[in-house]
1. What ³J(HN,Hα) values, in whole Hz, does the Karplus curve 6.51 cos²θ - 1.76 cosθ + 1.60 give for segment 18-23 when θ = phi - 60°, with x put for Gly and Pro?
2. I want to make sure I understand the PRE zone here: with the label point 7 angstrom from the Cα of residue 23 toward its beta carbon, which residues in segment 30-55 have backbone N atoms less than 14 Å away?
3. Out of the total accessible area of the chain (probe 1.4 Å, heavy atoms of protein only), what percent is carbon and sulfur?
4. I need the calculated FRET efficiency for the pair residue 40 and residue 61, taking r as the beta carbon distance and R₀ as 25 Å, to the nearest 0.05.
5. Per residue, how much accessible area does the chain have with a 1.4 Å probe, in Å²?
6. List every residue whose amide H lies under 5 Å from the amide H of residue 61, counting only residues 5 or more places away in sequence or on a different chain, with H placed 1.01 Å from N in the peptide plane.
7. Can you run phi through the Karplus equation (6.51, -1.76, 1.60; θ = phi - 60°) for segment 49-57 and list ³J(HN,Hα) in whole Hz, with x for Gly and Pro?
8. With +1 on each Lys and Arg Cβ and -1 on each Asp and Glu Cβ, and nothing else charged, work out how big the dipole of the chain is about its Cα centre, in Debye to the nearest 20.
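The values are calculated or read from the model by the stated rules, or taken from the named source; none is laboratory data. Remember, predicted model here, so these are calculated numbers, not experimental data. In this analysis, Cβ positions are derived from the backbone assuming ideal geometry, glycine residues included, and neighbour counts consider all displayed protein chains. Please note that ligands, DNA and RNA were not included when accessible areas were found on the heavy atoms of the full protein model with its side chains. Shrake-Rupley method; radii C 1.70, N 1.55, O 1.52, S 1.80 Å.
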Amino acid sequence: MILAHLHDLLKKNGFVALKPKKCFDPNYHEALMQVENDDLPEHTVVEEMQKGYTLNDKVLRTAKVQVSKKKKTETDLPQEEKKG
């Protein structure tokens, strides 16, 4: 009950949790890791690991997230890595 009152008080004063976004935005997200995924477009938020918060539309803490990236293929590797 006390926690609910605290959340209401914070909301009344402009403290809000960031809503999850699908596309990575460095103004609202901090990428902690990249996950290889061919099903999703690159720079898509895969998982929110820690919530972010704003106060009166100013970011207090960015959300910590996992971001998708494409799998590397043989043609993407530099010449030194191909030779092994």
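1. Listing the rounded values in order: 5, 7, x, 10, 7, 9 Hz.
2. Under 14 Å, as judged by backbone N against the label point of residue 23, lie 41-45 of segment 30-55.
3. On the chain, the fraction of accessible area on carbon and sulfur atoms equals 55 percent.
4. The pair residue 40/residue 61 has a calculated efficiency of 0.50.
5. About 81 Å² of surface per residue is accessible.
6. HN-HN under 5 Å from residue 61: 53.
7. Along segment 49-57, the couplings run 8, 8, 5, x, 9, 10, 10, 6, 6 Hz.
8. Rounded to the nearest 20 debye, it is 400 debye.
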